[in-house]
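Asker: Sending over a structure as structure tokens; questions will come in a sec.
The values are calculated or read from the model by the stated rules, or taken from the named source; none is laboratory data. Since the model is a prediction, treat every value here as computed from it, not as a measurement. Cβ atoms come from the backbone with ideal geometry, glycine included; neighbour counts cover every protein chain shown. For accessibility, only protein heavy atoms count, side chains too; no ligands or nucleic acids. Shrake-Rupley method; radii C 1.70, N 1.55, O 1.52, S 1.80 Å.
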Amino acid sequence: MRRGTRPLDHSTTTPAAFQSPSTTTTSYGLPAPALFIDNEFVAAEGGATLPVHSPRDGAAFASIANGSVADVDRAVAAAQRCFGALANPGGGG
């Protein structure tokens, strides 16, 4: 181990704000794959996922949510709503 580094502590839990909506976890104990849209974790349309491969040996060790065009549209609409609220915090016209 390099000087000044410490081993990863796998005993910690993910804060509630960063947990996906599903109670399903991966074989590594990670939350189920989800997209963060409109300030919440949501499954990709149709539950699509992509495997994550290790650069060391090419083995798939996790999966990530595979967002669709509809997922992007939802994210853009949420961002536009948020930007509108930030651009006009008083709510007036």
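Asker: How much of the accessible area of the range 32-74, in percent, comes from carbon and sulfur atoms when a 1.4 Å probe is used?
Answerer: Working: 1590 of 2780 Å².
Reported share for carbon and sulfur atoms: 57 percent.
Asker: Here's a follow-up. Write down the accessible area per residue of the range 30-81 in Å², having rolled a 1.4 Å probe over the full set of protein chains.
Answerer: 65
Asker: Summing +1 for each Lys or Arg and -1 for each Asp or Glu, what net charge is found among the other residues whose Cβ lies under 12 Å from the Cβ of Ala75?
Answerer: Local charge sum for Ala75: -3.
Asker: Something else about it: Would you mind computing, in nm to one decimal, how far apart the modelled labels at Asp57 and Ala85 are, each placed 7 Å from Cα along Cα→Cβ?
Answerer: Inter-label distance under the simple model: 4.6 nm.
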